[in-house]
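*Asks:* Pasting in a structure now, in structure tokens, and then I'll have a few things to ask.
The values are calculated or read from the model by the stated rules, or taken from the named source; none is laboratory data. On a predicted model such as this, the values are computed, not experimentally measured, just so you know. Here Cβ is always computed from backbone atoms with ideal geometry, including for glycine, and neighbour counts include all displayed protein chains.
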Amino acid sequence: MLKNSVIEYRLFGKIIFILVITLVITSMGISSSANATTKQDALNAVVNFLNAEKNCNVDEMMNLSEHSQKISNIKEFYTNFCKRNPLQKANITDLSMVNETTALVSIESSYKDRIFISTMPVVNKNGQWKIIRGMSNSGYVEFPDKTNKDTRENEVEKAVNDYSNAIKLGELKEMKKHLKIMPHMDTNKLENHLKSLSDEKPTPEVTTLGINMISDSVAIAQIKIQYNNFSSTNNLVVCKENAQWKIVFGRSLMSASIPTSDKIVEIK
């Protein structure tokens, strides 16, 4: 009788163990599937926006985008841009997920006499993915009204300042606490980069020049980095996860254009 009870207990334990493992594997599969769906939704929004731009469907462009700079009549702006600069071809060269509500997309857009290359945020706002257009170039600084900052802007600025202080103190672990590291980043290269930042003397001074709130959980921070003999400006994506603002590390926002003509020299 006792022997049978022991056998039944062990069999029951194995069944429970198998059920737990099955549930874990299933949940991982569901999570992976959800992540793939989220990325596809973000990608679809970008594709649909570019198709709308190509067809000069201004209403759809407005539905699938937001402009990072304050434009009073965005419909008129998009209409004039489409008519004067019809999109001929566009390539999405990369789309990387930051988290479940934020992605970064890189696009190469060809117009009649110009090629644009850019990396922009794609943000889920109220259940809809939107591409954030009108990213300013590094070096362009739009000074906000510092007397009218809200709590979120102060929190974003504090996150940038805390990261800067961690660099000065050479605390790599503390530096990482303030970073949202993109999945493709090589761990060793990241360690070496952060160490070289903190080893540089004098340590560069980081100043927040302006903050543009994209949503409740995404912001763009314009920063100035002052080195010993020169300074530079940059735009950073800062996102909120688990009630903490973090600087997105591994993809830089950018916007640039180059001229093109009928005398292109192709190198094969």
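*Asks:* Would you pick out the residues in region 207-231 that are farther than 13 Å from GLU153 by Cα and of a type in the set (Gly, Ala, Ser)?
*Replies:* Scanning region 207-231 gives a single hit, SER231.
*Asks:* Can I ask one more? Assigned to a strand (DSSP E or B), farther than 24 Å from LYS125 by Cα, in contact (Cβ under 8 Å) with a residue 24 or more places away in the chain and not charged (D, E, K, R): is that true of LEU197 in this structure?
*Replies:* It is false that LEU197 is assigned to a strand (DSSP E or B), farther than 24 Å from LYS125 by Cα, in contact (Cβ under 8 Å) with a residue 24 or more places away in the chain and not charged (D, E, K, R).
*Asks:* Please go through region 63-92 and pick out each residue that is under 24 Å from the mean Cα position of the chain (by Cα), over 20 Å from SER136 (Cβ atoms) and not aliphatic (A, V, I, L, M).
*Replies:* ASN63, LYS89, ASN91
*Asks:* Give the residues of region 175-192 that are surrounded by 14 or more Cβ atoms within 10 Å (Cβ to Cβ) and closer than 24 Å to ASN228 by Cα, sorted by residue number.
*Replies:* Within region 175-192, MET175, LEU190 meet the criteria.
*Asks:* Do we have LYS70 as part of a helix (DSSP H, G or I), at pLDDT below 95 and exposed (fewer than 13 other Cβ atoms within 10 Å of the Cβ) here?
*Replies:* no
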